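Participant: The following block contains the structure, expressed as structure tokens.
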Protein chains: 2
Amino acid sequence: MGETTDIKTVVADLLHRGDSKQLDAVLEPLHPADIADLFEYLENVDKVRLLKRLGNERAAEVLTAVDEHSGQALLELLTDDEVISLLEEMPSDDAVDLISSLPPEKSRQIGALLSSAERARLGGLLAFEEDTAGGIMEVEKAAVRATATIRDAIELVRKLADDIENLQNVFVVDHAGMLIGSIPVLDLLLHEPLEKVTDVMQERPISVPVTMDQEAVASLFGKYDVFSLPVVDAAGRLVGRITVDDIIDVMEEEASEDIARIAGTDEEEFGEKSALRISRARMPWLVVAMVGEIVNAMNMSRYEVSIQTMVTLAFFVPLVIGIAGTTGMQAAVVVVREIAVGQGSAGRVWKRVLREFEVTLINGLVLGTILFGIVTAWRHEPGLGLFLWSTLLAVTVIAAFLGATVPIALHRLRIDPAISMGPFISVTSDIVGLMVYMTFANYYLSLIR
Amino acid sequence: MGETTDIKTVVADLLHRGDSKQLDAVLEPLHPADIADLFEYLENVDKVRLLKRLGNERAAEVLTAVDEHSGQALLELLTDDEVISLLEEMPSDDAVDLISSLPPEKSRQIGALLSSAERARLGGLLAFEEDTAGGIMEVEKAAVRATATIRDAIELVRKLADDIENLQNVFVVDHAGMLIGSIPVLDLLLHEPLEKVTDVMQERPISVPVTMDQEAVASLFGKYDVFSLPVVDAAGRLVGRITVDDIIDVMEEEASEDIARIAGTDEEEFGEKSALRISRARMPWLVVAMVGEIVNAMNMSRYEVSIQTMVTLAFFVPLVIGIAGTTGMQAAVVVVREIAVGQGSAGRVWKRVLREFEVTLINGLVLGTILFGIVTAWRHEPGLGLFLWSTLLAVTVIAAFLGATVPIALHRLRIDPAISMGPFISVTSDIVGLMVYMTFANYYLSLIR
């Protein structure tokens with residue numbers, strides 16, 4: 001970290017002094033990802049100078065390594081021609097991501113200026129949904145025909161090694177381009193040059209349909225511990241491949257998405273700098289929370305007389321709905337997470353709902369008893385303690401039920417259950433909690449009056 | 001999915017009938033991870049039969065693919081000798097994980113029965129903290145001396161290919177075992193057999209110290225887009241390697257941990273079946289929530305007279321603390337996530353706190369204005385609306401400030417800021433929110449009286 005800070009000062013200084021020779025010497029041993037870190041500290045004019053000094057190939061690698069927000073900002077500083085020559089050096093998936101991240105007009109403008117070769121390379125990819133296998137795959141791949149030998153495969157690898165990063169497998173296709181096998185690059189070292197690829201390949205390898213959701217693709221990588229998977233179209237033709245480094249990005253994205261939803265915001269917010277845009281990401285959830293709480297206020301107002309009779313009742317409203325909200329969230333988040341990581345087969349999930357009941361009964365009993373003790377000691381009214389004890393138990397069980405079943409129901413309806421977490425579940429639990437509380441409170445008052 | 005269900009019935013049936021030949025034919029084409037899925041549906045006696053039928057090597061692969069809870073349960077069904085012969089077939093990192101997951105007595109028992117060769121292989125690993133590079137690395141690796149040629153490296157790969165999974169690099173070490181270089185397996189195809197490894201290797205490759213936290217290791221993989229990294233001891237000697245498939249597990253684990261913390265539970269809960277243990281994971285957070293809300297009840301009781309005077313005041317308590325809690329959570333979760341994914345360099349984080357102020361001012365103004373409108377229309381008291389408008393603004397700004405600064409402070413104190421999310425932040429926001437609300441309410445009452 002300290003080192004980066006030093007290098008950043010050195011680089012900024014060399015850029016200002018225009019000492020290209022010294023600059024090249026400093027940059028040469030750096031990994032593109034480390035050069036990408038420098039950009040954070042540079043002024044715009046220096047950023048452009050640095051990119052140009054790096055040359056197209058290196059600059060493209062660096063651009064691939066900066067985060068999306070910064071990459072977008074960098075491209076804005078370049079001319080269209082400069083952008084296009086950088087895109088040509090990038091793997092197809094990164095190039096397409098970058099084009100997609102640009103503002104629509106800019107993106108169209110760049111698209112129109114692409115060479116026909118580039119359009120052929122990238123055009124197909126731009127058509128896929130961003131969060132599907134097609135959206136994250138790259139079209140660069142190594143494929144040989146079924147008639148090829150190990151030597152042919154090795155020669156292909158040698159030819160492609162400079163242009164394709166992270167080549168893990170040579171795929172085998174038939175005359176129609178259908179994927180029929182896969183050979184790990186390492187295996188090319190284990191066989192005789194004249195052996196036929198069909199004799200050593202893994203037949204019917206695991207492959208990914210181009211339309212598969214990226215989260216499902218990530219699960220496949222996790223399940224089978226593979227580093228690269230071929231992507232096929234509806235007919236089974238090999239169209240690209242996905243490497244595990246992209247899966248790491250997908251996992252980070254999906255975790256951010258889930259976490260954002262629980263917190264009541266949008267994953268777009270992470271790394272976002274505009275206060276207005278952040279505000280917009282959070283506003284819907286805050287409005288949900290406020291509408292819910294206005295419903296609560298109206299519900300409470302229906303019990304105005306009861307509260308007037310016994311103001312003490314109002315003191316415990318935050319407690320009951322707070323515990324209800326926490327309980328609902330605990331149940332919801334666990335169920336959603338288990339669905340997300342694929343531990344959510346139907347049978348298991350219903351078992352989970354049942355288990356929520358058990359868990360909440362235990363917790364409700366324990367918490368209720370503590371509460372009974374504290375309230376009785378504090379207000380000297382065992383009746384009030386008993387009322388709170390039973391209310392807490394009822395409210396938490398209901399909240400846990402809501403928290404566990406709503407995500408399952410959404411999942412069945414093929415709606416991403418993560419949407420239900422955060423404010424939605426806690427507000428629903430709040431409302432139901434308050435209704436139960438007030439009903440119980442009224443009954444309690446009728447008993448002691 | 002449907003297919004798995006069918007195979008499961010077929011396998012269970014063949015196990016019952018003892019038709020080994022047919023069983024082998026069904027199992028043969030299955031990936032170990034798919035066989036692992038079958039275990040979920042089998043009875044204990046069938047699980048043991050199936051494991052034995054697979055033979056040690058295959059059974060070990062399957063055992064590596066089942067989740068921790070199931071793996072543990074499976075081992076309990078086997079004799080110590082059977083467990084030991086399975087461990088011998090497993091990569092060192094998986095073997096150690098499995099031993100560590102056993103109950104302490106069982107784990108000690110197995111440890112004592114290991115052969116001296118196995119103890120030499122696994123003993124060192126057992127000493128490392130579970131969530132460090134040492135805890136997730138495997139000791140199996142391919143390393144050649146600096147004097148070796150490409151041919152030597154290829155021969156080593158051929159020798160090890162059967163025993164080491166996911167061999168990505170051949171590492172180069174000096175006479176003292178210090179890591180001095182790395183050669184991707186693919187590069188072995190690109191060079192002449194008689195070239196020296198030192199002429200083609202990548203010098204001073206990125207490496208991981210054995211004590212590095214697994215989350216930091218995962219960041220390195222994400223940053224440099226690598227598939228395997230060497231692990232070195234304090235002196236720089238090569239001691240093992242980490243492959244990206246293990247990093248995927250780490251990321252899933254860390255995401256689960258963060259999500260669990262936000263929800264107010266423990267990541268141990270995911271996949272857990274015992275209601276008692278789940279209850280224990282959630283209880284601390286519920287107690288935190290309850291203690292906080294009891295503080296709130298006591299605070300409200302200090303304003304008993306004011307509430308008695310104007311019961312309406314009580315109606316908006318859930319609203320104000322609900323919005324405060326949501327706002328605090330939004331700020332906390334975003335800051336924690338940005339720290340976690342490494343967007344949290346010091347300068348940026350303080351900018352973030354400043355931005356929280358802006359965002360919350362915007363949101364507070366918008367929500368306050370909506371609330372003012374609704375309340376004035378409903379209760380016909382513009383004064384009440386104005387009081388709520390100003391309270392909401394003050395409370396949300398304070399909650400956002402707490403939400404953003406508490407995680408940063410914890411991070412500075414080297415405490416995992418994720419611990420502050422969930423109930424902790426929302427309860428703190430609740431308490432502060434209620435205090436502000438009641439103070440403002442008292443002032444408002446003094447004005448209208």
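Participant: Over both sides of the B-A contact, add up the buried accessible area with a 1.4 Å probe and give it to the nearest 100 Å². Could the numbers behind the result be given before it?
Facilitator: Details: alone 23950 and 23910 Å², together 38260 Å².
Looking at B and A, the buried total is near 9600 Å².
Participant: Taking 8 Å as the Cα distance limit and 6 or more residues as the minimum spacing, I'd like the relative contact order of region B:27-144 as a percentage.
Facilitator: Relative contact order, region B:27-144: 22 percent.
Participant: Under the convention of a label 7 Å out along Cα→Cβ, give the distances in nm from B:LEU113 to the same position in every other copy, shortest first.
Facilitator: When each copy's label point is compared with this one, the spacings are 7.1 nm.
Participant: Just the accessible area for B:TYR41, please: 1.4 Å probe, Å², rounded to the nearest 10?
Facilitator: B:TYR41 exposes around 100 Å² with every protein chain in place.
Participant: While we're on this one: Say each of B:GLU381 and A:ALA377 gets a label point 7 Å from the Cα, pointing the same way as Cα to Cβ; how far apart are those two points in nm?
Facilitator: It works out to 3.6 nm between the two label points.
Participant: From Cα pairs below 8 angstrom and at least 6 apart in sequence, can you work out the relative contact order of chain B, rounded to a whole percent?
Facilitator: 11 percent
Participant: Now for a separate question. Pairs of Cα atoms under 8 Å, at least six residues apart: use those to get the relative contact order of region B:147-224, whole percent.
Facilitator: 32 percent
Participant: What value does the protein assembly as shown have for Rg/Rh, both radii from Cα atoms and Rh as Kirkwood defines it?
Facilitator: 1.00
Participant: Taking region A:4-71, which GluC sites (Glu not before Pro) meet the DSSP loop condition and have no more than 15 other C-beta atoms within 10 Å?
Facilitator: Here the GluC sites (Glu not before Pro) that fit, given the DSSP loop and packing criteria, are A:GLU43.
Participant: Same structure, new question: What is the distance, in nm, between label points placed 7 Å from the Cα along the Cα-to-Cβ direction at A:LEU413 and at A:ARG119?
Facilitator: About 4.3 nm, to one decimal.
Participant: Same structure again: Please report the accessible area of A:ILE262 (heavy atoms, 1.4 Å probe, ligands and nucleic acids excluded) in Å², nearest 10.
Facilitator: Solvent-accessible area, nearest 10 Å²: 0 Å².
Participant: Measuring label to label, 7 Å along Cα→Cβ, what does B:VAL291 give against each other copy in nm, shortest first?
Facilitator: Sorted ascending, the copy-to-copy spacings read 3.7 nm.
Participant: Here are some pairs, B:LYS159/B:LYS196; A:LYS223/B:LYS273; A:LYS196/A:LYS223; A:LYS223/B:LYS223; B:LYS106/B:LYS159; which of them have Cα atoms lying more than 27 Å apart in this structure? Don't skip to the end; give the middle numbers.
Facilitator: Details: B:LYS159/B:LYS196 19 Å; A:LYS223/B:LYS273 21 Å; A:LYS196/A:LYS223 30 Å; A:LYS223/B:LYS223 23 Å; B:LYS106/B:LYS159 35 Å.
Beyond 27 Å between Cα atoms: A:LYS196/A:LYS223; B:LYS106/B:LYS159.
Participant: Still on this structure: Running a GNM on chain A with Cα contacts under 10 Å, which residue among A:SER92, A:SER115, A:SER182 ends up with the highest mean-square fluctuation?
Facilitator: Checking each option, the largest mean-square fluctuation is seen for A:SER115.
Participant: If you don't mind, another one. Using a cut-off of 13 Å between beta-carbons, work out the net charge of the residues near A:GLU43 (Lys and Arg +1, Asp and Glu -1, A:GLU43 not included).
Facilitator: Result for the neighbourhood of A:GLU43: 0.
Participant: Need one number: nm distance between label points at B:THR369 and A:ALA146, each 7 Å from Cα along Cα→Cβ, rounded to one decimal.
Facilitator: The modelled label-to-label distance comes out at 6.9 nm.
Participant: Let me ask something additional. Charges at C-beta only: +1 for Lys and Arg, -1 for Asp and Glu. How large is the resulting dipole of region B:119-194 about its Cα centre, in Debye rounded to 20?
Facilitator: 300 debye
Participant: Here is a further query. Viscosity 0.692 mPa s, temperature 37 °C: Stokes-Einstein D of region A:70-148 from its Kirkwood Cα radius, in µm² per second?
Facilitator: Values: Rh = 13.3 Å.
Here the translational diffusion coefficient equals 246 µm²/s.
Participant: Based on alpha-carbon atoms only, what is the radius of gyration of region A:235-283 relative to the globular estimate 2.2 N^0.38 Å?
Facilitator: 1.60
Participant: Under a GNM of chain B (C-alpha, springs under 10 Å), which listed residue has the highest mean-square fluctuation: B:ALA36, B:ALA59, B:ALA409?
Facilitator: Fluctuation is largest for B:ALA409.
Participant: Still on this model: B:LEU160 label points, 7 Å along Cα→Cβ, one per copy: pairwise distances from this copy to the rest in nm, shortest first?
Facilitator: For B:LEU160, the other copies' label points sit at 2.5 nm, shortest first.
Participant: Right, here's the next one. Compute the semi-axes of the equivalent ellipsoid of region B:68-108, taking the square root of 5 times each eigenvalue of the Cα gyration tensor, and list them largest first in whole Å.
Facilitator: So the equivalent ellipsoid measures 14, 12, 10 Å along its semi-axes.
Participant: Something else now. Against the 2.2 N^0.38 Å scaling, with N counting residues, where does chain B land? I'd like the Cα-based Rg ratio to two decimal places.
Facilitator: On the way: Rg = 29.6 Å, N = 449, 2.2 N^0.38 = 22.4 Å.
In units of the 2.2 N^0.38 Å rule of thumb, it is 1.32.
Participant: If you don't mind, there's one more thing I want to ask. How far is the Cα center of region B:394-410 from the Cα center of region A:70-87, in Å?
Facilitator: About 38 Å separates the Cα centre of region B:394-410 from the one of region A:70-87.
Participant: Given a cut-off of 22 Å, what percent of all Cα-Cα pairs of region B:145-300 lie beyond it?
Facilitator: When all Cα pairs of region B:145-300 are counted, 58 percent exceed 22 Å.
Participant: Turning to a different aspect of this structure: Within region B:195-229, which residues have the backbone N less than 18 Å from the label spot 7 Å out from B:MET178 along Cα→beta-carbon, could you tell me?
Facilitator: Correct set: B:198-199, B:201-210.
Participant: Give the distance, in whole Å, between the Cα centre of region B:209-260 and the Cα centre of region B:26-61.
Facilitator: Taking the Cα centre of region B:26-61 as reference, the centre of region B:209-260 is 30 Å away.
Participant: Cut-off 10 angstrom, C-alpha nodes, Gaussian network model of chain B. Which of B:LEU126, B:LEU87, B:LEU386 fluctuates the most?
Facilitator: Taking springs between Cα atoms under 10 Å, the residue moving most is B:LEU386.
Participant: Given Cα positions, please report Rg to Rh for region A:252-325, the hydrodynamic radius being the Kirkwood one.
Facilitator: 1.18
The values are calculated or read from the model by the stated rules, or taken from the named source; none is laboratory data. Note that the structure is a prediction, hence the values are computed from the model and not measured. Backbone-built Cβ (ideal geometry, glycine too); neighbour counts: all protein chains shown. Ligands, DNA and RNA are stripped out before the accessible areas are found, and what is left, the full protein with its side chains, is counted by its heavy atoms. Shrake-Rupley method; radii C 1.70, N 1.55, O 1.52, S 1.80 Å.
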